[in-house]
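The structure appears right after this line, and notes come after that.
The values are calculated or read from the model by the stated rules, or taken from the named source; none is laboratory data. Since the structure is predicted, the reported quantities are computational estimates derived from the model, not experimental observations. Counting neighbours? That spans all protein chains shown, and the Cβs are built from the backbone with ideal geometry, glycine included. With ligands, DNA and RNA removed, areas are computed over all heavy atoms of the protein, side chains included. Shrake-Rupley method; radii C 1.70, N 1.55, O 1.52, S 1.80 Å.
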Amino acid sequence: PGAMTSRVAELVGDQAEEWDRRGRLPLELVRELAGRGMLCAQVPARYGGPGLTAADGGAFTAGVGRLCSSLRSLMTSQGMAAWTIEKLGGAAQRAAHLPELAGGRLAAVAFSEPGAGSDLSAIDTRIRAEGGTVVVDGRKVWITGAAYADLLVVFGRFGDGFAAVLVPASAPGVRVERVPDPLGCRAAGHADVHLDSVRLPADSVLERTAGSAELLVTPPLTYGRLSVAWGCVGILRACLDEATGHARSRVQFGRPIADHQLVAGHLAEILVGEQVATRTCEHASRCWDAGLPETATAAVLAKHVGAVNAVRGASAAVQVLGSAGARDGRAAARAYRDAKLMEIIEGSSEICRLILARHALTAPA
Ligand code: FAD
């Protein structure tokens, strides 16, 4: 993962700020990274992917998150799409689609709808079989990376339960509409997706279906939560870099502000947040790599700790920068906006706490 992070760092350079301001990532760069399998680095080598473990994939994700949360968001989506296909697809679907994703085809994952945010049991997109085809109707909102995607992994109602269906973005009846002016991760290509009588081959529906939305979405969400959590570690590291650098060089009252204890307190708070988030991520990734049943809960914990600490850490970093952090152009200001969104996605902080409380109430004493 170290070499992969260095390669991404070379390609990103100091451009993240500019991409954020423009609200666009350069497509050539995204395609280059995707073509090397770096946007879904845990896809196994037998499907043409880099085959990183969750621990190594996490370290790489944190490295990218430290540079650019928009690019990291795309990695989360691409990796989550690949994991959905690996987990819910049949052998032929895995063999057909995973090499494509590891080889550069860009994908996004669509759960959310106008009436189904935290409550995915309210998903109303319909997937229905018709002759040898399936037809998809619905509307998805806020889909990360959808503005760049070639393929959309769409969750919807299917028969008596729920299923995921692979929808090419170019299929007739698909319309992708960018979310204007997002608060953060501005270059991540968030878009609403309209699906009007989209007709697809029957084998576009991933083989594993489920009676409840929760059962179906938990595997992809677990991947997404862990990826977001590592991304938050990256945000915290970026905040630490910038806040410590500024505190060393900015002089007030005759000495570097780092020598003022209240400022030092902010630096310590960011470090504590980064360290605690890192440890919870490492734990969840170890659970994932060992195939343990507690992986899903460990990923919720990591995501929750990561997001809350990133929000606090970014706020502390902006405070240390003072007016220097009070406008676009500084990593801490970008982190401040990006971090807040991490408390909303992949299960908001409230939903994470509900899941953790349920775990506390049901876990054996
Ligand atoms: P709501 O569910 O309406 O919640 C509003 C508030 O009420 C929140 O604070 C929430 O925590 C709280 N709340 C709701 N229910 C409860 C409860 N039972 N108890 C306590 N509090 C509750 N979706 C996708 O499908 N794919 C993507 O790639 C994707 N990317 C996203 C990227 C960004 C930057 C954002 C902002 C959103 C993205 N989403 C995506 C959508 C995201 O998953 C939803 O925004 C999220 O699930 C919350 O849903 P909501 O926005 O409708 O909020």
Carbon and sulfur %, accessible surface of the range 221-290 computed with the full protein complex present, 1.4 Å:
57
Can you give me the angle between helix 349-362 and the longest principal axis of the chain, using Cα atoms only, in degrees from 0 to 90, rounded to the nearest 10?
80
According to a simple spin-label model (label point 7 Å from Cα along Cα-to-Cβ), what is the distance in nm between residue 207 and residue 292?
3.0
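Between residue 279 and residue 359, 0.36 nm times their residue separation minus their Cα-Cα distance comes to what?
26.8 nm
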Heavy-atom accessible surface of the range 5-98: percent carbon and sulfur, 1.4 Å
50
Result for the range 156-221: accessible area per residue, probe 1.4 angstrom, in square angstrom, of 45
Accessible area per residue of the range 293-365 at 1.4 Å probe, in Å²?
48
Express in nm, to one decimal, how much length is gained between residue 199 and residue 17 on full extension, taking 0.36 nm for each residue of separation and deducting their alpha carbon distance.
61.5 nm
Straight distance only, please: which lysines reach the Cα of residue 303 with their own Cα at less than 16 Å, same-chain residues fewer than 8 apart left out?
340
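Can you give me the accessible area per residue for the range 9-111, using a 1.4 Å probe, in Å²?
Details: 3510 Å² over 103 residues.
With the other protein chains kept in place, the range 9-111 gives 34 Å² per residue.
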As computed over the chain, the Cα convex hull volume per residue (Å³)
131
Which value in deg cm²/dmol, rounded to the nearest 500, describes the helix-derived mean residue ellipticity at 222 nm for the chain, given -39,500 (n - 2.57) per DSSP H run of n ≥ 4 and division by the residue count?
-18000 deg cm²/dmol
How high is the relative contact order of the range 1-80? Use alpha-carbon pairs under 8 Å, at least six apart in sequence, and give a whole percent.
34
Could you work out what % of the accessible surface of the range 319-365 is carbon and sulfur, using a 1.4 angstrom probe and leaving DNA, RNA and ligands out of the count?
58
Let me check against my output: what whole-number percent is the relative contact order of the chain, with C-alpha pairs under 8 Å and at least 6 apart?
17
